[in-house]
Amino acid sequence: MIGHDIRNPLQAITSELYIARQSIAETPIKELAGLALESINLIEEQTDYISKIVSDLQDYARPLKPELEEVDITKVIASIFQTVKVPDSIKLVIDLKGFPKIETDLTLIRRALSNLVINAIQAMPEGGTLTINAEKTGRQAIFKIEDTGKGIPEEVKNRLFTPLVTTKAKGQGLGLSVVKRIVEALGGTIMFESKSGKGTKFTIRLPLKE
């Protein structure tokens, strides 16, 4: 209920921002329009951040009951980048190797992959390369999200999927624990490799039906 109470005003803010952006586009004073757009962009970023916190809290608290359907992973990845902004300083590499459609929960797999993509971007504030791989091996679907950021500190690695544990100055520490819950609800596993100064790679393995 609290999540809905927060989301309702967030949706209203988002709608008003859209209207404001459209109105500014018609403003003849370019300097004024530029300043206003900067403010709108900042508000949108903070609104998205609040929305993510609400989603993480809801996903962590509620029971996960996967609803399986045929899912096109190519479209899932594309939809993620319609909402997640990739800075110009980050090179995006996507290799799906002709990945087939799989039977999984569309909402849950999108949420898990989206969280990992956001984490990877945040791990590279000075730029780098974000690589996304997906392939089918035998009766498994394998997803790999890799960044070239600073890596995960040794003292955090053993607790990385624990709720409220984070390596970021700004963060609630729920994103990765939510990903782990989702992956396990789908019958899969998640692992990671990380080297200081070189980056981190998360690997999700999901079972496939014959």
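Any read-out appearing in this document is the output of simple, stated calculations on the displayed coordinates, not a laboratory observation. Keep in mind the model is a prediction, meaning the values are calculated, not measured. FYI the Cβ positions are ideal-geometry reconstructions off the backbone, even for glycines, and counts take in every protein chain you see.
For the stretch 69-207, give the magnitude of the charge dipole about the Cα centre (Cβ charges: +1 Lys/Arg, -1 Asp/Glu; no others), in debye to the nearest 20.
With Lys and Arg at +1 and Asp and Glu at -1, about 200 debye.
Which entries of 65/136; 97/198; 75/195; 65/97 show an alpha-carbon separation above 27 angstrom in the structure shown? Can you show the working numbers first?
Values: 65/136 24 Å; 97/198 25 Å; 75/195 31 Å; 65/97 29 Å.
From the list (65/136; 97/198; 75/195; 65/97), the Cα-Cα distance tops 27 Å for 75/195; 65/97.
Give me, ordered by chain and number, the residues 5 or more places off residue 91 or on other chains with an amide H under 5 Å from its own placed amide H.
For residue 91, whose amide H was placed from the backbone, the distant partners under 5 Å are 128, 129, 130.
Could you give each residue of the stretch 78-89 its phi-based ³J(HN,Hα) in whole Hz, using Karplus coefficients 6.51, -1.76, 1.60 with θ = phi - 60°, and x for Gly or Pro?
For the stretch 78-89, the Karplus curve yields 4, 5, 4, 7, 7, 10, 8, 8, 9, x, 4, 6 Hz.
Please list the equivalent ellipsoid semi-axes of the stretch 73-122, computed as the square roots of five times the alpha-carbon gyration tensor eigenvalues, in descending order and whole angstrom. Before the final figure, lay out the partial values.
On the way: eigenvalues 80, 36, 14 Å².
Equivalent-ellipsoid dimensions as semi-axes: 20, 13, 8 Å.
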